[in-house]
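The values are calculated or read from the model by the stated rules, or taken from the named source; none is laboratory data. Nothing here was measured: the structure is a model prediction, and the numbers come from that model. Cβ coordinates were reconstructed from backbone atoms using ideal geometry, including for glycine residues, and neighbour counts include every protein chain displayed. All accessible areas refer to the heavy atoms of the entire protein, side chains included, with ligands and DNA or RNA removed. Shrake-Rupley method; radii C 1.70, N 1.55, O 1.52, S 1.80 Å.
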Amino acid sequence: MTDNTIQGKRDPEYLVEMSEYLNALANPVRLQILSSLETRPMELKEIAAITRTSYENIRKHIDKLLLAGLVRKDAGMSSETMTGIHPVWKYSLAPGGMEQIITNLSMFSKVPLTITHADLANQLSTIRKDISTQFGVTSPCLYLTSGPEEGKIFSLHGEKIPLGRIDPTDMSFSKMGKGIVMLSQEYKSVSRISRPHARMYQGKTWEIEDCGSTSGTFINTEPIPPQTRRELVDGDIVILGTGNMSARFLFIAE
């Protein structure tokens, strides 16, 4: 079994940048802003109204999020008002959205921190819990990041968990109980749940197996040979199928 610990840079510059990133997330208002921007781009007045925060404070929070690369700023048009429609700045999540934020936090947790970095380690642990609470993410789970059901969270329970797409003509999946990851019919690259696309196994570690699917199963874009188990670690990307009708998940173990 390979060692999945990342031997990260220990130089002060890396730790300073990591700390700045965490500091940008270490505020409930900023987490609320990120949650609001999940749905659509917004201008500052809209964000201020949703978070019930003054315009001046929202601007300060947004500046911190921009500096950390967590949101982006693009020109857009305002909603229609008595004075008409006019250009405004609109803010949205940075490319990758919440998937990228959670992945970054998972990657940080794999960086070996010494006892002198205890404050940073504690901050990382606290922020991961705050992110999970704000976005309703419970561990362990699969966080769906693509397709019509994007944002859906599948809690993982049981020792053997089938993954696949619903088949309305075959109700045999109902015999599998609640411990399944079942996608809608729109995910056409994914095999039906009655002959699951893949299975996850929980033991001392988490593993995933492709069940001989037509379109394949991938971990971080690397294909898994059919009927072969591969270990999953916190922050891995699991992909079922290929193309626009595939399903892409973020695996959250802790």
Where both residues lie in the chain, what percent of DSSP beta bridges are antiparallel, nearest 5? 90
For the chain, what's the relative contact order in percent, using C-alpha pairs closer than 8 Å and at least 6 residues apart? 15
If you wrap a convex hull around the C-alpha atoms of the chain and split its volume per residue, what is the figure in Å³? 159
Expressed in nm to one decimal, what extension gain is obtained for the pair ASN122 and GLU186 from 0.36 nm per residue of sequence separation less their Cα-Cα distance? 18.9 nm
To the nearest 10 square angstrom, what accessible area does TYR201 show with a 1.4 Å probe? 30
Taking a point 7 angstrom from the Cα of ASP74 along the C-beta vector, which residues in segment 109-151 have backbone N less than 16 Å away? none
Would you please give the residues with an amide H less than 5 Å from that of MET245, counting only those at least 5 places away or on a separate chain, with H modeled from the backbone geometry? SER189
In the chain, whole DSSP H helices that both stretch 15 Å or further along their axis by alpha carbon positions and average at least -1.0 on the Kyte-Doolittle scale are 12-25, 55-67, 97-109, 118-134
Rounded to the nearest 0.05, FRET efficiency between GLU17 and ARG52 (Cβ-Cβ, R0 30 Å) equals 0.45
Could you tell me the ratio Rg/Rh of segment 179-254? Both radii from Cα atoms, Rh via Kirkwood. 0.93
Amide H partners (placed H, <5 Å) of ARG192, local residues excluded: ARG165
Set the bar at 30 Å for Cα to Cα. Now go through LYS90/LYS110; LYS110/LYS204; LYS64/LYS204 and name every pair that lies beyond it. LYS90/LYS110; LYS64/LYS204
Give me the base-10 log of I(q)/I(0) for segment 22-117 at each q in 0.13, 0.15 Å⁻¹, Debye formula, one uniform scatterer per Cα, rounded to two decimals. -0.50, -0.63
Identify which of THR39, THR51, THR83 has the largest mean-square fluctuation in a Gaussian network model of the chain, with springs joining Cα atoms closer than 10 Å. THR83
Roughly how many Å is it from the Cα centre of segment 206-254 to that of segment 43-71, as a whole number? 36
Quick check on the chain: helices-only [θ] at 222 nm, where DSSP H runs of length 4 and up contribute -39,500 (n - 2.57) each and the sum goes over total residues. Nearest 500, please. -9500 deg cm²/dmol
Quick check on packing: order 150-159, 62-71 by the mean number of other C-beta atoms within 10 Å, highest mean leading. 62-71, 150-159
